[in-house]
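Participant: Next up is a structure, given as structure tokens.
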RNA sequence: GCGGAGGUGCCGGAGUGGCCAAACGGGAUAGGCUCAAGACCUAUUAGCUUAGUGCUUACGCAGGUUCGAUCCCUGCCCUCCGCACCA
């Protein structure tokens with residue numbers, strides 16, 4: 001759209017307003033108890049250096065809503081910041097010898113510039129950059145607090161290791177066995193790492209999901225699945241030797257099916273289970289088991305968990321006693337038991353569990369049926385699959401004959417009474433591994449002292465600054481190359497000690513940044529409690545679905561931790577959540593790898609930010625996928641121009657209020673426009689409330705069409721001014737620059753300080769919505785169009801016009817037509833008479849005009865008039881009509897289609913005919 | 001496999017028993033205006049047909065309920081998303 005640039009006034013207009021907003025600090029907010037607060041927030045971006053369409057969409061949605069709320073009288077906190085720590089900066093350092101800090105800060109500047117070009121109404125004075133010590137010192141501070149409370153701890157365990165990123169990953173960051181960022185295969189390694197005890201909040205994180213009424217259902221479901229609560233029973237088994245002699249060891253298993261306890265025929269341990277080596281040490285089985293274990297461990301997670309993969313296992317040479325029936329069964333190790341779920345051991349009931357069934361068949365382990373279907377009998381030798389439906393207990397001692405659902409409760413009660421086990425709840429959620437062996441992150445403020453052990457840094461020594469004297473070789477953690485950093489004095493015994501060189505997961509940074517926006521410059525505290533309690537929770541949070549688990553779960557966890565530390569009173573950080581859909585082009589997600597990206601910069605440059613924003617909001621509802629369309633962008637641009645033309649010349653505008661007296665004398669078309677103004681305000685407000693921006697914009701477009709129609713006739717300055725003023729207000733959330741410009745041009749911004757951005761959102765008056773006037777207007781409009789059409793057609797084929805009659809027109813209207821025809825035979829005069837007349841008195845029920853007046857213009861023209869009543873009148877005036885249109889007129893009766901239709905559909909039976 | 005969301009015309013999307021060939025907006029096509037483009041105005045935008053009317057086929061597919069279904073019920077298919085050897 002090269003030609004746009006020469007004539008497109010918007011880039012200049014946008015720049016002008018952006019500058020004025022900034023100079024006048026229009027969007028700066030502070031605590032104000034007199035107004036209700038509203039906290040609108042978009043997920044802060046990672047500063048990769050450029051904005052993509054997904055960002056633009058995210059911000060367009062957020063800004064529209066923030067502006068709407070601001071105009072509606074709320075004290076709106078709407079901030080922006082940067083999630084500035086992370087691997088890309090470090091990778092750039094390795095690749096290009098760039099300094100991660102400079103690289104990041106430069107990218108932030110670039111991104112910020114683009115955000116400013118969009119005209120987003122952020123309070124920039126609250127900007128946050130997580131890579132700056134002012135911010136990350138509070139990461140360190142709260143980490144120490146967590147350590148003191150036992151919520152942060154160090155543990156050795158099998159961890160996920162990404163060989164490409166050269167660091168460990170949290171479970172949440174492993175997708176499909178691959179690294180969430182670089183997609184390389186994740187390995188398992190035993191390492192000692194820092195963890196946060198998110199698991200101790202599992203129950204609350206789960207149960208409070210039910211109160212998040214304004215979160216998308218699917219996000220809640222994903223979190224529920226991730227937390228993965230299941231109720232069951234732990235059963236303890238004595239481990240015995242082949243001859244039945246006690247080994248002195250026991251093993252517990254977790255099951256959700258205690259009703260099947262009599263059907264246990266073997267038990268499997270995860271290969272990582274400590275008992276596996278313990279029990280086999282020095283036995284004949286030692287070597288074969290070691291081989292098996294190392295074989296399994298060699299396999300990747302993918303291989304081990306692949307669908308339909310055959311399960312493998314090995315007998316441990318030991319047995320156990322099922323306490324419920326005293327049965328001695330073999331103990332196995334198998335790859336299908338997972339160390340990190342339940343107890344790392346599975347009690348196997350092959351008849352009633354598909355996995356156990358397959359395993360038992362393969363290794364020839366016995367099968368005992370304990371649940372019988374009601375209609376037939378199960379034969380363990382002939383079963384092709386496990387029976388997992390409901391049934392009646394058999395082979396289960398005193399529980400025989402009981403329904404299995406009932407038996408779950410009864411058997412676990414029995415086990416508990418006999419102290420063979422107890423009811424247990426488990427969660428799939430595991431503690432959050434937060435240490436990373438990377439440079440560009442918050443240093444973990446811990447010290448290793450040979451004397452005192454693991455000691456936190458003293459609070460007054462915070463922040464522990466990231467060292468600058470490091471080398472980026474691509475091997476190992478760069479921080480370790482800084483000797484100055486590593487060496488430290490123990491805060492307790494003051495001897496030489498070693499500083500932790502791991503840094504924090506960047507998700508740590510983003511788990512509480514929304515608190516910091518409330519009080520970004522506080523040097524003394526993480527956040528002032530009063531400010532936190534004023535602004536929090538975030539009333540509306542907007543971001544991509546990709547964070548449904550990771551960031552959104554961590555943030556909820558942090559908020560609860562902070563509440564328990566009395567830093568805030570809120571329990572849930574985000575009251576309402578919106579996950580916007582993807583931006584697609586040619587049917588696929590816009591992505592660099594597919595090469596179907598459209599650069600927001602070029603759109604802003606060629607059309608302006610308002611066009612980009614309007615298109616984004618108009619093209620699809622926020623949650624839905626948005627298909628990019630160049631025509632759509634042009635459509636948005638055309639619309640903006642169309643609106644702009646309304647104010648290019650403003651001499652017909654008056655901003656004075658209409659007096660009651662003046663209002664009483666208004667014509668129909670004026671009343672109609674006032675009514676439409678109120679109606680549009682009502683519609684747009686309701687649509688924005690439910691985030692139906694595309695529909696809100698559609699309603700505004702309709703309104704603009706009406707204004708244009710209104711302009712064709714005589715204009716009442718006040719009525720027109722009222723419409724334009726409200727149009728500007730309604731558009732402000734979507735096209736703020738255009739609105740400001742309109743506001744100024746119509747004289748609402750007297751001293752360059754009365755911004756529309758802070759003006760009040762218009763209110764509508766239901767009583768002003770004048771449907772009757774509107775309908776009358778529409779009718780006149782239709783008649784006018786029809787008559788114009790007739791004139792055109794008579795020019796073409798003047799020999800004959802046929803008039804048709806239908807019941808759509810009211811008698812009064814026809815009478816008027818008749819009346820007018822007595823006076824004049826001039827079509828133009830007739831039309832203008834129509835235009836001037838007060839149609840309201842001709843009835844409020846005039847609702848429909850002549851539909852599809854003439855379908856084929858090449859054929860004879862026709863005018864459709866009301867049947868019955870008017871028929872006579874019309875024949876009366878046949879001559880006049882002929883004179884009027886200057887041609888022959890023929891009158892034919894129209895058929896009663898509706899009634900006929902209803903009758904047709906009602907052979908014999910009564911139909912309800914609504915008309 | 002389990003769980004969730006959804007399938008309406010070129011697109012975005014309304015509609016939740018008759019007023020629905022389907023609101024509203026966008027786009028497209030044609031005509032007008034214009035030297036021309038843009039803008040603007042008007043009409044058309046499932047098919048056939050008519051002077052208007054009408055008819056046929058239509059709201060994922062197949063049945064059912066009903067005088068009548070896009071809307072209610074049943075079954076099926078498809079798409080998208082999440083989880084996935086979770087004991």
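Participant: Given the condition under 23 Å from the mean Cα position of the chain (by Cα), crowded, with 23+ Cβ neighbours inside 10 Å, modelled with pLDDT under 90 and not in a helix (DSSP H, G or I), answer yes or no: does some residue in the range A:625-643 qualify?
Facilitator: Scanning the range A:625-643, I find at least one residue that is under 23 Å from the mean Cα position of the chain (by Cα), crowded, with 23+ Cβ neighbours inside 10 Å, modelled with pLDDT under 90 and not in a helix (DSSP H, G or I), so the answer is yes.
Participant: Can you tell me how many residues within the range A:248-259 are under 16 Å from residue A:326 (Cα atoms) and surrounded by fewer than 16 Cβ atoms within 10 Å (Cβ to Cβ)?
Facilitator: 1
Participant: Looking at the structure I just gave you, is residue A:244 under 30 Å from residue A:400 (Cβ atoms) and either more than 14 Å from RNA strand B (Cβ to nearest atom) or outside any helix (DSSP H, G or I) (or both)? Step through it out loud before you land on a result.
Facilitator: On the way: under 30 Å from residue A:400 (Cβ atoms): yes; either more than 14 Å from RNA strand B (Cβ to nearest atom) or outside any helix (DSSP H, G or I) (or both): yes.
In short, yes.
Participant: Take residue A:184 and tell me if it is more than 27 Å from the chain's Cα centre (by Cα), within 30 Å of residue A:389 (Cβ to Cβ) and surrounded by fewer than 21 Cβ atoms within 10 Å (Cβ to Cβ).
Facilitator: Working: more than 27 Å from the chain's Cα centre (by Cα): yes; within 30 Å of residue A:389 (Cβ to Cβ): no; surrounded by fewer than 21 Cβ atoms within 10 Å (Cβ to Cβ): yes.
No.
Participant: Out of the range A:351-361, which residues are in contact with a helix residue (DSSP H, G or I) (Cβ under 9 Å, 6 or more places away or on another chain) and within 11 Å of RNA strand B (Cβ to nearest atom)?
Facilitator: Passing the criteria: A:352, A:353.
Participant: Pull up the range A:324-349, narrow it to residues that are assigned to a loop (DSSP other than H, G, I, E, B) and away from RNA strand B (no atom under 11 Å from the Cβ), then point me to the one that is farthest from the chain's Cα centre (by Cα).
Facilitator: My answer is A:326.
Participant: For the range A:123-241, give me every one of the strands (runs of 3 or more DSSP E) that falls completely inside it and has 3 or more residues that are out of contact with any helix residue (DSSP H, G or I) (no Cβ under 9 Å at 6 or more places or on another chain) and more than 30 Å from residue A:522 (Cα to Cα). Before the answer, list the steps.
Facilitator: On the way: elements: A:152-162, A:167-169, A:187-196, A:230-240.
Result: A:152-162, A:187-196, A:230-240.
Participant: Report, by residue number, each residue of the range A:661-695 that is more than 9 Å from RNA strand B (Cβ to nearest atom), within 20 Å of residue A:60 (Cβ to Cβ) and either in contact with a strand residue (DSSP E or B) (Cβ under 6 Å, 6 or more places away or on another chain) or touching a residue at least 40 places away in the same chain (Cβ under 8 Å) (or both).
Facilitator: A:684, A:685, A:688, A:691, A:693
Participant: So if I check each of A:287, A:311, which one is within 16 Å of RNA strand B (Cβ to nearest atom) and either modelled with pLDDT under 90 or loosely packed, with under 13 Cβ neighbours inside 10 Å (or both)?
Facilitator: Values: A:287 fails: within 16 Å of RNA strand B (Cβ to nearest atom).
Every option except A:311 fails the conditions.
Participant: Right, next: Being within 29 Å of residue A:278 (Cβ to Cβ), more than 13 Å from RNA strand B (Cβ to nearest atom) and surrounded by 18 or more Cβ atoms within 10 Å (Cβ to Cβ) is the filter here; which residues of the range A:194-241 pass it?
Facilitator: Residues satisfying the conditions are A:194, A:195, A:237, A:239, A:240.
Participant: Counting only residues that are touching a strand residue (DSSP E or B) at 6+ places or on another chain (Cβ under 7 Å) and part of a loop (DSSP other than H, G, I, E, B), which one in the range A:271-283 is surrounded by the fewest Cβ atoms within 10 Å (Cβ to Cβ)? I'd like the intermediate steps shown before the answer.
Facilitator: Of the range A:271-283, the ones touching a strand residue (DSSP E or B) at 6+ places or on another chain (Cβ under 7 Å) are A:271-273, A:275-276, A:279-280, A:283.
This time we only want the ones that are part of a loop (DSSP other than H, G, I, E, B), so: A:271-273, A:283.
Numbers: A:271: 25, A:272: 20, A:273: 19, A:283: 13.
The residue in question is A:283.
Participant: Sticking with this structure for a sec: Restricting to the range A:247-263, name every residue that is in contact (Cβ under 8 Å) with a residue 60 or more places away in the chain and either farther than 24 Å from residue A:386 by Cα or more than 14 Å from RNA strand B (Cβ to nearest atom) (or both). Give the steps one after another, and end with the answer.
Facilitator: Of the residues in the range A:247-263, the ones in contact (Cβ under 8 Å) with a residue 60 or more places away in the chain are A:247, A:251-255, A:257-263.
Within the range A:247-263, A:247, A:251, A:262 qualify.
Participant: Working only within the range A:381-410, note down all residues that are closer than 17 Å to residue A:322 by Cβ, in a loop (DSSP other than H, G, I, E, B) and out of contact with any helix residue (DSSP H, G or I) (no Cβ under 8 Å at 6 or more places or on another chain).
Facilitator: Residues satisfying the conditions are A:394, A:400.
Participant: Sticking with this structure for a sec: So, residue A:364, is that one away from RNA strand B (no atom under 16 Å from the Cβ) and either in contact (Cβ under 8 Å) with a residue 24 or more places away in the chain or within 21 Å of residue A:321 (Cα to Cα) (or both) or not?
Facilitator: Values: away from RNA strand B (no atom under 16 Å from the Cβ): yes; either in contact (Cβ under 8 Å) with a residue 24 or more places away in the chain or within 21 Å of residue A:321 (Cα to Cα) (or both): yes.
Criteria met by residue A:364.
Participant: Still on this structure: Any residue at all in the range A:235-245 that's touching a strand residue (DSSP E or B) at 6+ places or on another chain (Cβ under 9 Å) and under 23 Å from residue A:389 (Cα atoms)? I'd like the intermediate steps shown before the answer.
Facilitator: First pass over the range A:235-245, keeping only residues touching a strand residue (DSSP E or B) at 6+ places or on another chain (Cβ under 9 Å): A:235-242, A:244.
Among the residues that remain, those that are also under 23 Å from residue A:389 (Cα atoms) are: A:235.
Yes, the range A:235-245 contains at least one residue that is touching a strand residue (DSSP E or B) at 6+ places or on another chain (Cβ under 9 Å) and under 23 Å from residue A:389 (Cα atoms).
Participant: Let me ask something else about it. How about the range A:591-635: which of its residues are more than 14 Å from RNA strand B (Cβ to nearest atom) and in contact with a strand residue (DSSP E or B) (Cβ under 6 Å, 6 or more places away or on another chain)?
Facilitator: Across the range A:591-635, the qualifying residue is only A:596.
Participant: While we're looking at this one, here's another question. Is one or more of the residues making up the range A:11-21 part of a loop (DSSP other than H, G, I, E, B), at pLDDT below 95, out of contact with any strand residue (DSSP E or B) (no Cβ under 7 Å at 6 or more places or on another chain) and on the phi < 0 side of the Ramachandran plot? Before you say what the answer is, go through the steps one by one.
Facilitator: Of the range A:11-21, the ones part of a loop (DSSP other than H, G, I, E, B) are none.
No, the conditions are met nowhere in the range A:11-21.
Participant: Look at residue A:604 and say whether it is closer than 15 Å to residue A:55 by Cβ, in a helix (DSSP H, G or I) and in contact (Cβ under 8 Å) with a residue 24 or more places away in the chain.
Facilitator: Values: closer than 15 Å to residue A:55 by Cβ: yes; in a helix (DSSP H, G or I): yes; in contact (Cβ under 8 Å) with a residue 24 or more places away in the chain: yes.
The answer is yes for residue A:604.
Participant: Looking at A:65, A:50, can you tell me which residue is surrounded by fewer than 17 Cβ atoms within 10 Å (Cβ to Cβ), within 25 Å of residue A:620 (Cα to Cα) and in contact with a helix residue (DSSP H, G or I) (Cβ under 8 Å, 6 or more places away or on another chain)? Reasoning before the result, please.
Facilitator: On the way: A:65 fails: surrounded by fewer than 17 Cβ atoms within 10 Å (Cβ to Cβ).
Answer to the check: A:50.
The values are calculated or read from the model by the stated rules, or taken from the named source; none is laboratory data. These numbers come from a predicted model, not from an experiment. A quick note on method: Cβ atoms are made from the backbone with ideal geometry, for glycine too, and the neighbour counts reach across all protein chains shown.
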